[in-house]
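Comments concern the structure below.
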Amino acid sequence: MTGNIATVGYGLATLGPGIGIGILVAKTQESVARQPEVAGQLRVNMFIGMALIEALGLIGLVAGLIL
């Protein structure tokens, strides 16, 4: 086996944020379908959550590049 193990680590690090964003968007759509009048508030909260989840992916990328 040749190559850098950090590449494999980054690949695994992207699974968590990918699954997290998928669940977040699915639950937000479900909530909007149940109560359309709170769509604006849910959208703002969804974007904040997506930013925090994406930060985990970026940390994994930087850690893979540094090490």
Notebook entry, point to check: How many residues does the stretch 1-60 contain that are at pLDDT 85 or above and aromatic (Phe, Trp, Tyr)?
Noted result: 1
Notebook entry, point to check: Among the residues of the stretch 1-45, which ones are of a type in the set (Ser, Thr, Tyr), part of a helix (DSSP H, G or I) and within 23 Å of Leu56 (Cα to Cα)?
Noted result: Thr7, Tyr10, Thr28
Checklist line | All positions within the stretch 21-58 that are closer than 30 Å to Gly9 by Cβ and without any contact (Cβ under 8 Å) to a residue 12 or more places away in the chain | finding: Gly22, Ile23, Ala26, Lys27, Phe47, Ile48, Ala51, Leu52, Ala55, Leu58
Item checked: Subset of the stretch 9-67 [surrounded by fewer than 12 Cβ atoms within 10 Å (Cβ to Cβ) and acidic (Asp, Glu)] -> Glu30, Glu37
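The values are calculated or read from the model by the stated rules, or taken from the named source; none is laboratory data. As the structure is a computational prediction, the values presented were derived from the model and not from experiment. Neighbour counts run over all protein chains shown; Cβ positions are idealised from the backbone, glycine included.
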